[in-house]
Amino acid sequence: MKINRKGDEILDNTGSVSVSNAPKKKKRKNSYRTSMRKWCWLFLGPVLIAFIIGFVWPFIQGIYLSMCEFRIIKDAKFVGFSNYVKVFKDAGFVHAFWYTALFAVVSLVLINVLAFMVALALTKGIKGSNLFRTVFFMPNLIGGIVLGYIWSMIFDGILSNFGTSILLDSKYGFWGLIILMLWQQIGYMMIIYIAGLQNVPEDMLEAAKIDGATSVQTLFRITIPNVMPSITICMFLSLTNGFKLFDQNLALTGGMPIIFKPTGRVNTTEMLALNIYNTFYGPTSNAQGTAQAKAVIFFILVAGIGLAQLAITRKKEVQQ
């Protein structure tokens, strides 16, 4: 038997065709991918347009207005970077920055530690764990303004027995905001941690138990490294929420109490978002441009810190 060079026929010694290979089938085009490439913009187009109209254009316009003096947008007058100079000379803004940074760090640590502990306890198979999950999560469903007024009455009811109020001492205002945020955010972070704990490989836990590892060693060597994706998400949310806190701050303390420094008035429990709000709607004329400059700085600050935190914690995640 002989095979010709093309490989499509097998000939016998007489030269007649004995076997003929079937013709090769042409590869079918992936109609699904072709359709997606052809029609994707029909679906993405409206969303992209809405994103540009609702976010990109206002953001660009906001940067421009941060360099203007205005009462209304039509009367905006370009003044360069003078608004940014005013921002860093504003004692209230500088105080609000450090106050917000301290609050964000303290709330970040407490929220994540307590939420992780609660999640760890509720994944141990205790009775009524589903009920406890619901109860812990419910405060997150209540609006920040409502929570602020509820907790202001609770704190004032307690502190009135000592002849003071949450509005009379900045340390009470600080820890009042911390307690409020813990009560509201722990349940939400707990759900994320529970999802992470349920994905820890059982074979690794069993192997650690067989090797004689203690519960503390198992927690720090196996459980926490495998829950790092959940820790990354929870740290990002609690950190950005701490910096962006507004409605609870407005309802609980309103920035009180007030002190006066040579450089200006300072609201001792005022955070960055509330400081921007008070600057924009305050009695000072032509302060809208300064408030807009504060908002731009605020955005850069929160975005930079959030991205840096994500980059750091993602490096510690374990690939399963």
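Just so you know, all these numbers are worked out from the coordinates, no wet-lab data involved. All values reported here derive from a predicted model rather than from experimental measurement. Cβ placement follows ideal geometry from the backbone for every residue including glycine, while neighbour counts extend to all protein chains displayed.
Charge dipole of the chain (Cα centre as origin; +1 on each Lys and Arg Cβ, -1 on each Asp and Glu Cβ, all else neutral): 1620 debye, rounded to the nearest 20. Full extension of the chain between residue 137 and residue 158 yields a length gain of 5.0 nm, computed as 0.36 nm times the residue separation minus the alpha carbon distance.
Among 249, 76, 291, pick out the residue whose Cα is farthest towards the positive end of the charge dipole of the chain, where Lys and Arg carry +1 and Asp and Glu carry -1 on C-beta, about the Cα centre. Of the listed residues, the answer is 76. In the range 149-220, one over the average inverse separation of all distinct C-alpha pairs is 15.8 Å, which is the Kirkwood hydrodynamic radius.
Checking (i) 22, 40, 22, 9, 5, 1; (ii) 33, 53, 14, 0; (iii) 33, 61, 7, 0 against P(r) over Cα pairs in 20 Å bins from 0, in percent calculated from these atoms, the matching label is (i). Long hydrophobic helices in the chain: the complete DSSP H runs spanning 20 Å or more by Cα along their own axis with mean Kyte-Doolittle hydropathy of at least -0.5 are 31-51, 91-122, 144-159, 170-197, 228-244, 288-314.
Charged neighbours of residue 288, selected by a Cβ distance under 9 Å, balance to 0 (K, R count +1; D, E count -1).
Per residue, the chain reaches -20000 deg cm²/dmol at 222 nm when only DSSP H runs of four or more residues are counted, each adding -39500 (n - 2.57).
So if each residue of separation counts as 0.36 nm, and I subtract the Cα-Cα distance between residue 33 and residue 113, what length gain in nm does that give?
Net length gain for the segment: 24.2 nm.
Could you compute the FRET efficiency for residue 71 and residue 91, with r as their C-beta to C-beta distance and R0 at 22 Å, rounded to 0.05? Efficiency, from the Cβ-Cβ distance: 0.35. Suppose R0 equals 25 Å. What FRET efficiency, 1/(1 + (r/R0)^6) with r the Cβ-Cβ distance, do residue 48 and residue 244 give to the nearest 0.05? Rounded to the nearest 0.05, the efficiency is 0.45.
The loop-placed chymotrypsin sites (Phe, Trp or Tyr not before Pro) in the range 22-118, going by DSSP, that have at most 13 neighbouring Cβ atoms within 10 Å of their Cβ come out as 81. Among the trypsin sites (Lys or Arg not before Pro) within the range 109-167, those in coil by DSSP and having at most 10 neighbouring Cβ atoms inside 10 Å are 124, 127.
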